[in-house]
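Some notes on the structure that comes next.
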Amino acid sequence: MRLFSFILILAVTFSSCSKFAKVQKSTDYDYKLRMAEKYYVAKKYNFAQQLYEELFPIYKGQPQFEDLFYKYAYCSYYLKDWLQAENLFKQFTEVFPTSQKAEEMEYMRAYTYYRQSPKAELDQTNTQKTIGLMQTFINTHPGSPRLKEANDIIDASRRKLEVKEVKSAELYFNMGHYLAAAIAYTSLMNNFPDSEKSEQYKLQVIKSYYLYARNSIDEKKAERYEKVLSEVNDFTDRFPDNALTKEVERYRNLSQSNIKDIQNEQAKKTD
């Protein structure tokens, strides 16, 4: 049964390729365009793409060219050739800036970058490009029905950038690079001020500065514990009556106690 199915698939594939080869050999461009349309509707995008590519210079400047260009761009998209699709969507808006399809093409150009956005651990150039292009789309088309989708994609992209920065800050902290961790968590708060985890990031800033102070040379400890107290005060100003306040206050008490011990030691040395 499996052998029969395999043979049947091979036969259908061979037949399709054979028919397509005949279409390719035709010198009737209108016929080829009609066949490209059929392949496109049938979702045989590889065949449609090859025909559209051949017909592209033939129909350039003619009434059929806009629709041909539109579908040619989507063939690359459906075949997941994101770089080619992005380039064609962009070119479409440049060639047909007043087309009714131009808005859609602008959106799809931004969306191809979103489809190329990798895992948070990897380079996020495409994610940043997605945000920039989607924001431009929103600004340019404030009445577009795609606004919600565009905003959702921006939010998802920003969450991914946030995750990447969190992982970087965590790495510094876990490696014992506490000053770098404190700076990284502070940057997180500045870059993502609306994050639901802002108070957690601030707590990590406090922890990082505390551990940085504790591991410093004696001459630097007092001023670095003062930095911890400054960050604690900033936390209580920003997040009054927060669930993390008790833990934050612990670092206040520890820092104050350590400063007092340092001052006592210094007083003994002067006696």
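Rule-based calculations on the coordinates, nothing more; no lab input. The structure displayed is predicted, hence computed values, not measured ones. Cβ sites come from the backbone with ideal geometry, for glycine too, and all protein chains shown count toward neighbours.
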Against the conditions (1) in contact with a helix residue (DSSP H, G or I) (Cβ under 7 Å, 6 or more places away or on another chain); (2) loosely packed, with under 15 Cβ neighbours inside 10 Å; (3) not aromatic (Phe, Trp, Tyr); (4) not in a helix (DSSP H, G or I), where does residue 135 fall short? Just the number, please.
(4)
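Criterion first (touching a residue at least 40 places away in the same chain (Cβ under 8 Å) and more than 21 Å from the chain's Cα centre (by Cα)) does residue 54 satisfy it? Talk me through it step by step, then tell me what you get.
Values: touching a residue at least 40 places away in the same chain (Cβ under 8 Å): no; more than 21 Å from the chain's Cα centre (by Cα): yes.
Judged against the criteria, residue 54 is not a match.
Against the condition in contact with a Ser or Thr (Cβ under 9 Å, 6 or more places away or on another chain), assigned to a helix (DSSP H, G or I) and loosely packed, with under 14 Cβ neighbours inside 10 Å, how does residue 249 come out, does it pass? Steps first, answer last, please.
Numbers: in contact with a Ser or Thr (Cβ under 9 Å, 6 or more places away or on another chain): yes; assigned to a helix (DSSP H, G or I): yes; loosely packed, with under 14 Cβ neighbours inside 10 Å: yes.
Yes.
So, in segment 138-160, of the ones that are over 11 Å from the mean Cα position of the chain (by Cα) and of a type in the set (A, V, I, L, M, F, W, C), which residue ends up surrounded by the most Cβ atoms within 10 Å (Cβ to Cβ)?
Of all residues in segment 138-160, those over 11 Å from the mean Cα position of the chain (by Cα) come to 138-152.
Okay, now just the ones that are also of a type in the set (A, V, I, L, M, F, W, C), so 138, 147, 150.
On the way: 138: 17, 147: 15, 150: 22.
Applying the filter and picking the extreme gives 150.
Within segment 183-229, restricting attention to residues that are of a type in the set (Lys, Arg) and within 18 Å of residue 248 (Cα to Cα), which residue is surrounded by the most Cβ atoms within 10 Å (Cβ to Cβ)?
Looking only at segment 183-229, we keep the residues that are of a type in the set (Lys, Arg), and these are 197, 202, 207, 214, 220-221, 224, 227.
If we keep only those that are within 18 Å of residue 248 (Cα to Cα) as well, we get 197, 202, 207, 214, 224, 227.
Values: 197: 14, 202: 23, 207: 20, 214: 15, 224: 21, 227: 17.
Once the filter is applied, the top-ranked residue is 202.
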Those residues of segment 194-229 which are among the aliphatic types (A, V, I, L, M) and in contact (Cβ under 8 Å) with a residue 24 or more places away in the chain amount to 203, 205, 206, 211, 213, 222, 228, 229
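How many residues does segment 162-182 hold that are surrounded by 15 or more Cβ atoms within 10 Å (Cβ to Cβ) and either among the charged types (D, E, K, R) or within 23 Å of residue 131 (Cβ to Cβ) (or both)? Please lay out each step first, then the result.
First, the residues of segment 162-182 that are surrounded by 15 or more Cβ atoms within 10 Å (Cβ to Cβ): 162, 164-166, 168-169, 172-173, 177-182.
Pick out the ones that are also either among the charged types (D, E, K, R) or within 23 Å of residue 131 (Cβ to Cβ) (or both) and you get 162, 164-166, 168-169.
Residues flagged as surrounded by 15 or more Cβ atoms within 10 Å (Cβ to Cβ) and either among the charged types (D, E, K, R) or within 23 Å of residue 131 (Cβ to Cβ) (or both) within segment 162-182 amount to 6.
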